[in-house]
Amino acid sequence: MKKVDIIAYNTLSFNQSKIEVTPNQKVVVTFKDESTTLSHQWVLLNAGVDPGKFSRELMRAREGNGMGIPKALEKQIYAQSPMLPPGGSATVKFQAPAASGAYTYVCACGLHYEGGMSGKLIVK
Ligand SMILES: [Cu+2]
């Protein structure tokens, strides 16, 4: 099992931009929002998903529709935390993909991806 602490900050950044796991490894992510003013949501995308496109589509879908992720976009997600308020934390458990490769994770709030909140889960 791989335990990972991912921390999100006021500065639109994560504490780490690369996580290495082995195929099918069990992963436990402790996600903490250490921002004092911003919500953050950690989302690991499926292989081949364009994170910029995902972020734009999600922002459009959320306008006026609360904070959920619509079904069409859920299909593009491999694992996710809830959206956290400033100071919040959550645990996300998942099994790493069987296929080796690099899987992108992003913050799914507003323009945080565009602001620099992304990283790679490396399966090898
Ligand atoms: Cu964020």
Exercise. State which residue is nearest to the ligand (Cβ to nearest atom) when the search covers only the range 31-48 and only residues that are surrounded by fewer than 19 Cβ atoms within 10 Å (Cβ to Cβ) and under 20 Å from A96 (Cα atoms).
Key: N46
Quiz item: If you go through the range 72-95 one residue at a time, how many are touching a residue at least 40 places away in the same chain (Cβ under 8 Å) and within 14 Å of the chain's Cα centre (by Cα)?
Solution: 11
Exercise. List the number of the failed condition for A102; all other conditions in (1) free of Cβ contacts under 8 Å to residues at least 24 places away in the same chain; (2) more than 16 Å from the ligand (Cβ to nearest atom); (3) farther than 18 Å from E20 by Cα hold.
Key: (3)
Quiz item: Taking the range 67-92 as the search range and keeping residues that are over 14 Å from T30 (Cβ atoms) and of a type in the set (V, I, T), which one is surrounded by the most Cβ atoms within 10 Å (Cβ to Cβ)?
Solution: I69
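Among the residues of the range 61-71, is any within 12 Å of the ligand (Cβ to nearest atom) and within 26 Å of V123 (Cα to Cα)?
Taking every residue of the range 61-71 in turn, none turns out to be within 12 Å of the ligand (Cβ to nearest atom) and within 26 Å of V123 (Cα to Cα).
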Self-check item: Options A61, A79: the member that is in contact with a Pro (Cβ under 8 Å, 6 or more places away or on another chain) and of a type in the set (G, A, S)
Solution: A61
Quiz item: Do you know which of the residues in the range 94-119 that are touching a helix residue (DSSP H, G or I) at 6+ places or on another chain (Cβ under 8 Å) and of a type in the set (A, V, I, L, M, F, W, C) is surrounded by the most Cβ atoms within 10 Å (Cβ to Cβ)?
Solution: A108
Quiz item: Among the residues of the range 51-67, is there at least one that is in contact (Cβ under 8 Å) with a residue 60 or more places away in the chain, part of a loop (DSSP other than H, G, I, E, B) and among the small types (G, A, S)?
Solution: no
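Values in this text are rule-based calculations from the coordinates and carry no lab data. Computed from a predicted model, the values in this text were never measured in an experiment. Backbone-built Cβ (ideal geometry, glycine too); neighbour counts: all protein chains shown.
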